[in-house]
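Novice: Quick one: structure below, then a few questions.
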Amino acid sequence: MKKITILIIALLAVGLVAFTNHSGGIYKTNTGNINFYSHTSLEDITADNHKVKTAFDASSGKLQFSVLIKDFEFPKALMQEHFNENYMNSTKYPKSTFSGTIENMEAINLAQNGTYTSPVRGNLTMKDVTKEVTTIATFTVINGVINAKASFNVNPEDYNINIPKVVSKKISREIKVFIDADYKHTH
Amino acid sequence: MLNKILVIILLLTSSLAFSQVMDLLDDGIPEPNTEYTSATFKTNRVVNGHSIETVAKKEFDFKISHRFGFLSTGVYELFGLDGATMRIGGDYGITDNLNVGLGRSTVDKTYDGFVKYKFLKQSKGVKNMPVTAAWISHIGITSLKWPQPQRENFSSSRLHYTHQLLVARKFTEGLSIQISPTVTHLNLVDSTKYKNDIISIGVGVRQKLTHRTSVNLEYYYVLPDQMDADKTNVLSIGFEVETGGHVFQLFFTNSRGPFEKSFITDTRAKWLDGDVRFGFNIARVFNF
């Protein structure tokens, strides 16, 4: 009897710790937006993905993204085909992921409407290449919905994306990536 | 007993709480996705004949095709380059799946037009479809002067039609194969011995070499006893290279004509006699 009581207390403690660890809970969306924009004097290229899966843990500040490359939509069908076939090999590398932390999580009061900023640092993986990315994200809390916005630059050559000489001047080496997601509480 | 239940509940909740920390995005529910295959072929022609690819809505694919003379003519004709036939034309996307096209060929001074509709798309996921399929109907009008103006000539004799079911599958990233059952209707044939409706089966194979280049093979098998026995089947081997908005197809073929009726039912030259031509197609896509 005593043993069981101890066990229960131990388990309760573990359970409690586990729960308090993310008392803030998980905030999530499956319809986040990512836009990227490549500007050169010859051509501007832009694409949107409106099916971005992302979540963060309000207690630890842990942040994750998962993006299907084929879900990027281009204004020109041919560009989309070339993006998937020639540059991203999206059949071989269907996903890009980001895993990082909102470093100033404790300063963001999710119960209080307002705008907060925090550095975000983490690892971006594309085509099996992982690189560290840092940026400053803006969090806007409106009645329990948290909108997050951020942008950073990506050099395609860092991620094993080969650009042939013929189109070299049409594709920027500093592609601007914009993130815009509305997170809702799930647990 | 109660204690035991409590223990189990607690175990479950604490393990649940932990699993959330492991991966925030994994909710254990498989994604209800359908993934459609793209780029089964690089462009909407395999070599001579159509592939299942269509141009996207409001896009115009401008095409210039050349077929030169026989390589066997030697240096005097610069291996056929002195004599060329050509077609100028284009494909337009009314929708992503419905295309129309027009062209004019020097061969028999032929105007041709077609309507193409893609009705199946290869996909996997929630919707599983092993193949992509399209229907295409061509009409051609020969505008040559009547060879025998003294006899009674009907303008309907100038017309010919080709209908094709195109069925293709992208087996791997590199390999795509297409089968194209085809019927060509000729309003006028040379003799009552020959059929007006000619049935053939086309086979097209594409093997990618790099991201931007591939080798294409195309063969149309005409079922026996339908045409003049001197006629033969068309076999073409091509090399494709894509540079941004352009696709270049360089190929060898034994056919003279760049439109269906011509290369399926009018080919007489034989590969084995060395009667092979060099040719190329240039395609450029414009957006409207």
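Novice: Looking at A:Lys149, A:Lys176, which is the one that is assigned to a strand (DSSP E or B) and in contact (Cβ under 8 Å) with a residue 60 or more places away in the chain? Show your work before the answer.
Specialist: Values: A:Lys149 fails: in contact (Cβ under 8 Å) with a residue 60 or more places away in the chain.
Going through A:Lys149, A:Lys176 in turn, the sole match is A:Lys176.
Novice: Another question about this same structure. Report, ordered by the first and then the second residue, all pairs with beta carbons closer than 9 Å, sequence separation of six or more or different chains, a first member in segment B:124-149 that is of a type in the set (Lys, Arg), and a second member that is part of a strand (DSSP E or B).
Specialist: From residues that are of a type in the set (Lys, Arg), the pairs are B:Lys124/B:Thr34; B:Lys124/B:Glu35; B:Lys124/B:Tyr36; B:Lys127/B:Thr34; B:Lys127/B:Tyr36.
Novice: Sort out which residues of segment A:64-85 are more than 7 Å from chain B (Cβ to nearest Cβ) and either in contact with a helix residue (DSSP H, G or I) (Cβ under 6 Å, 6 or more places away or on another chain) or farther than 30 Å from B:Lys58 by Cα (or both), and write them in order of number.
Specialist: A:Phe65, A:Phe74
Novice: Here's a check for you: in segment A:69-78, which residue that is modelled with pLDDT of 90 or more and out of contact with any Ser or Thr (no Cβ under 8 Å at 6 or more places or on another chain) is nearest to A:Val177 (Cα to Cα)?
Specialist: Here the residue is A:Phe72.
Novice: Has segment B:80-88 got any residue that is of a type in the set (Gly, Ala, Ser), open to solvent by 10 Å² or more (accessible area, probe 1.4 Å), in contact with a Leu (Cβ under 8 Å, 6 or more places away or on another chain) and more than 24 Å from B:Ile139 (Cα to Cα)?
Specialist: no
Novice: Another question, if that's okay. Which residues, counting only those in segment B:89-111, are touching a helix residue (DSSP H, G or I) at 6+ places or on another chain (Cβ under 8 Å) and either assigned to a helix (DSSP H, G or I) or open to solvent by less than 50 Å² (accessible area, probe 1.4 Å) (or both)? Full working, then the answer.
Specialist: Of all residues in segment B:89-111, those touching a helix residue (DSSP H, G or I) at 6+ places or on another chain (Cβ under 8 Å) come to B:96, B:105, B:107-108, B:110.
Answer for segment B:89-111, where residues must be touching a helix residue (DSSP H, G or I) at 6+ places or on another chain (Cβ under 8 Å) and either assigned to a helix (DSSP H, G or I) or open to solvent by less than 50 Å² (accessible area, probe 1.4 Å) (or both): B:Ser105, B:Val107, B:Asp108, B:Thr110.
Novice: Moving to a separate point now. It is to be established whether one or more residues within segment A:54-63 are open to solvent by less than 50 Å² (accessible area, probe 1.4 Å), assigned to a strand (DSSP E or B) and away from chain B (no Cβ under 13 Å).
Specialist: Checking segment A:54-63: not a single residue is open to solvent by less than 50 Å² (accessible area, probe 1.4 Å), assigned to a strand (DSSP E or B) and away from chain B (no Cβ under 13 Å).
Novice: For A:Lys2, state whether it is more than 7 Å from chain B (Cβ to nearest Cβ), at pLDDT below 95 and surrounded by fewer than 18 Cβ atoms within 10 Å (Cβ to Cβ).
Specialist: The answer is yes for A:Lys2.
The values are calculated or read from the model by the stated rules, or taken from the named source; none is laboratory data. None of the values given here were measured: they were computed from a predicted structure. Don't worry about glycine lacking a Cβ; one is built from the backbone with ideal geometry, like all the others, and counts go over all protein chains shown. These accessible areas exclude ligands, DNA and RNA; they are computed on the full protein's heavy atoms, side chains included. Shrake-Rupley method; radii C 1.70, N 1.55, O 1.52, S 1.80 Å.
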